[in-house]
1. Give me the strands (runs of 3 or more DSSP E) completely within region 96-203, filtered to those with at least 1 residues that are over 27 Å from residue 57 (Cα atoms) and touching a strand residue (DSSP E or B) at 6+ places or on another chain (Cβ under 7 Å), ordered by residue number.
2. Of the numbered conditions (1) within 12 Å of the ligand (Cβ to nearest atom); (2) within 19 Å of residue 313 (Cβ to Cβ), residue 253 fails exactly one; give the number of that condition.
3. Which of the residues spanning region 264-276 are surrounded by fewer than 24 Cβ atoms within 10 Å (Cβ to Cβ) and within 6 Å of the ligand (Cβ to nearest atom)?
4. Being in the same structural domain as residue 209 (by TED's automatic domain parsing), more than 20 Å from residue 211 (Cβ to Cβ) and aliphatic (A, V, I, L, M) is true for just one of 301, 258. Which residue is that?
5. Answer yes if at least one residue in region 236-243 is over 25 Å from residue 139 (Cα atoms) and hydrophobic (A, V, I, L, M, F, W, C), and no otherwise.
6. What single numbered condition from (1) open to solvent by less than 10 Å² (accessible area, probe 1.4 Å); (2) of a type outside the set (Asp, Glu); (3) out of contact with any His (no Cβ under 7 Å at 6 or more places or on another chain) fails to hold for residue 48?
7. I'd like to know if region 237-257 contains one or more residues that are modelled with pLDDT under 95 and of a type in the set (Val, Ile, Thr).
Amino acid sequence: MAGNIWVLAAQWRGQLQEVTYEVLALGRRLAADAGVQLEAVLLGHNARDLAPALEPADVILWADHPELAEPTPETYALALAQLVKARQPRALLIPLTNVAMDVGPLLAAHLDVPFVNFCKTVRVADGALEARCGLYGNKVEVTVAASGAPAILGVLPGTHLAERGGGQAPSIEEVPVELPEAPRVRFVRYIEPQAGDVDITQHEVLVAVGRGIQRQDNVALAEVLAEALGGAVCASRPVIDQGWLPLSRQVGRSGMQVKPKLYLALGISGAPEHVEGMKDSGLIVAVNTDPAAPIFGVAHVGATADLLEVVPALIDRVKAAKGGKAA
Ligand SMILES: Cc1cc2nc3c(=O)[nH]c(=O)nc-3n(C[C@H](O)[C@H](O)[C@H](O)COP(=O)(O)OP(=O)(O)OC[C@H]3O[C@@H](n4cnc5c(N)ncnc54)[C@H](O)[C@@H]3O)c2cc1C
């Protein structure tokens, strides 16, 4: 199998992301099985200091350009296309971070090759690369033969154990890239999460409210229940879009992935985009007036009931059980 195995270094605001080391571990195995070198590709501006930390790789290819200062998918893809054409790797493994998610398809289009996405693992089989991919939110698994070169593969985070350190210090090689002065897509600004807000990924109990909460005033009811249970309030997207809770509380595809011990879903229909963010919770309890609501398909315990009646009763029961005063 000719050509080296490449791994794109995923970074966020000057820090290498953990998933980089997960994908480097996969790349290390592939490179060993194929008898080729593992090369990490580091894109950025004045980012050379990060290169030595990519030591699981044999070689670090470092491209420096002012337009690479922020990880814009289009610019990244343009830079990578030049490097791939010039150096002909066998495969490029791209960690699927929010930014890199868009890099793979753009790069594959530039190179006119297929993009193999959502890879859970990749192996060398009969001298060719074979990927196992999870599709449709991981509901379907497929095996894809990536026979051509270069193979561009998007690798899911959390699928490999991160590995740091290597046998010997890697060599660092600066590689030139030419980029347009006025790219069509530009980085504008970072929006920081609201300071001082709770981190819903860290709570063992989450009281989640959906559109069924009906009014902003009613969110306070969920806050009281969450406090009684020692948890925090989170929400589905419509509640966030209304501005009733900050964005940091959104659960789902475009929000946070949570895995509390208890997820109490109040007035949430259970759309796939929401379920994606909470389906791995230990115990899912759903309250919904609609017996056909899809949330009951993922809930361990469900009640067809009006949340505005259930929540005050629950608050009373929890407080009573804790020996406190009923509301
Ligand atoms: C690209 C994309 C990304 C998205 N990302 C996300 C995401 O990250 N998170 C997310 O949540 N959504 C996301 N969505 C939106 C998602 O598709 C749904 O529209 C959303 O999850 C619905 O929210 P909901 O369940 O609160 O509202 P609805 O679907 O309107 O459901 C409200 C539910 O409340 C019930 N109800 C009404 N009154 C009561 C009551 N008194 N007591 C009990 N139940 C009651 C109703 O029966 C209904 O089931 C995304 C959509 C797209 C296209």
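1. The qualifying strands (runs of 3 or more DSSP E) are 128-135, 140-146.
2. Single failed check for residue 253: (2).
3. 269, 271, 273
4. Only one candidate passes the filter, namely 301.
5. Yes; the residues of region 236-243 include at least one that is over 25 Å from residue 139 (Cα atoms) and hydrophobic (A, V, I, L, M, F, W, C).
6. Single failed check for residue 48: (1).
7. no
For every residue, the table says whether it meets (1) of a type in the set (Asp, Glu); (2) part of a strand (DSSP E or B); (3) on the phi > 0 side of the Ramachandran plot; (4) in contact (Cβ under 8 Å) with a residue 60 or more places away in the chain.
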site	(1), (2), (3), (4)
22	yes, no, no, yes
50	no, no, no, no
63	no, yes, no, yes
71	no, no, no, yes
78	no, no, no, yes
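The values are calculated or read from the model by the stated rules, or taken from the named source; none is laboratory data. Just so we're clear, the structure is a prediction, and the values are computed from it rather than from any experiment. As a convention, Cβ positions derive from the backbone with ideal geometry for all residues, glycine included, and neighbour counts pool all protein chains shown. Ligands, DNA and RNA are excluded from the accessible area calculation, which covers all protein heavy atoms including side chains. Shrake-Rupley method; radii C 1.70, N 1.55, O 1.52, S 1.80 Å.
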